[in-house]
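Worksheet: the structure to be examined is printed underneath.
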């Protein structure tokens, strides 16, 4: 699996809709978030956009045109989804880069709606088979794995959490060693770094993209909570300690950079999984979730410093996170073969 900062052919996303994730009072702002994302992405790579039908395509095209976004690099696909979390139910793209054979493959993992929490959303496990991938072969793996649960450096290392991948609501018959063997076989990740858990409010049982991310072959950013009274403080401190002792695929220590956490985002008394590590690295830009928080600027400045060749763009996600996810959760990169 290539690192996210390697060249993309395209980004895949699914347009938001009225659902349990985004009720009427939330949806318009979520749509504005998507328009901002597409505006930043389409200039430098294709955007493959799933919509439920013809009426949705016409409406979304009109919305994009109203803010000056041409659709020449936005490709609509009338494929109905139950929700928007493409990183988790969509395929994970991997490459073969040997001397005699080069190509790209779409790995179709099972999706069971984060341990069977949402019965209706399990239907989205069928989406990878419906995508027009232009001849890219699809490889089916009968194992539950969500894209947001792993992060790779493209050189053989992967970070994840025990809370998610060892959770019995995913693959009850697999132990840690067997999961590591699958990550090596299908993603080329022979060095797995296991953090403990994710953040409060995350219904995915600890996805790594709310906790820690590779930003280069040897550098990781890790969410850090400075308030000892915050419920994320101890978990994030423990994860940071693990990363500071971890080794990469070559046995070298990692460079670890901390990112602040925003103040708690609460809706109807429920804390939501707001985290700046849920950014998305695209061609020439990095889309960074913001939450109308004083720490937004600090997070943007840190991420900009880590990507001098890209522009860090803040994208309002205060409403998007109502659905328990942000920018990284709704995107999936398709790598470019060079």
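Values in this text are rule-based calculations from the coordinates and carry no lab data. Bear in mind that the values here come from a model prediction, so they are computed numbers and not experimental data. A quick note on method: Cβ atoms are made from the backbone with ideal geometry, for glycine too, and the neighbour counts reach across all protein chains shown.
Miscellaneous remarks
- Cα-projected label distance for residue 35 with residue 117, points at 7 Å along beta-carbon direction, nm: 3.0
- Mean residue ellipticity (222 nm) of the chain, computed from DSSP H runs ≥ 4 via -39,500 (n - 2.57), nearest 500: -7000 deg cm²/dmol
- Separation between Cα centres of the range 159-210 and the range 251-282, rounded to whole Å: 18
- Residue order, fewest to most beta carbons within 10 Å, for 96, 46: 96, 46
- Prolate/oblate/rounded label for the range 1-103 (Cα gyration tensor, a/c 1.5): prolate
- Cα-based shape type of the range 292-333, given that a ≥ b ≥ c are square roots of the gyration tensor eigenvalues and the cut on a/c is 1.5: oblate
- Paramagnetic reach from residue 140 (point 7 Å along Cα→Cβ, amide N under 11 Å) across the range 161-203: none
- Counting Cα-Cα pairs of the range 138-263 in 10 Å increments starting at 0 gives whole-percent bin shares of 13, 46, 32, 9, 0.
- Rounded if a/c under 1.5, otherwise prolate or oblate - the range 257-338, Cα gyration tensor axes: oblate
- Length-normalised contact order of the range 8-335 in % [C-alpha pairs under 8 Å, at least 6 apart]: 19
- Residue 284 paired with residue 216, simple spin-label distance in nm, labels 7 Å along Cα-to-beta-carbon: 2.3
- Taking only the C-alpha atoms of the range 249-298, the Rg (one decimal) and the largest Cα-Cα distance, Dmax (whole number), read 14.5, 47 Å.
- Evaluated over the Cα positions of the range 141-190, the convex hull gives a direction-averaged projected area, one quarter of its surface, of 3.2 nm².
- Where N is the number of residues in the range 8-335, Cα Rg divided by 2.2 N^0.38 Å: 0.94
- Modelled spin-label separation between residue 126 and residue 298, with each label point placed 7 Å from Cα along the Cα-to-Cβ direction: 4.7 nm.
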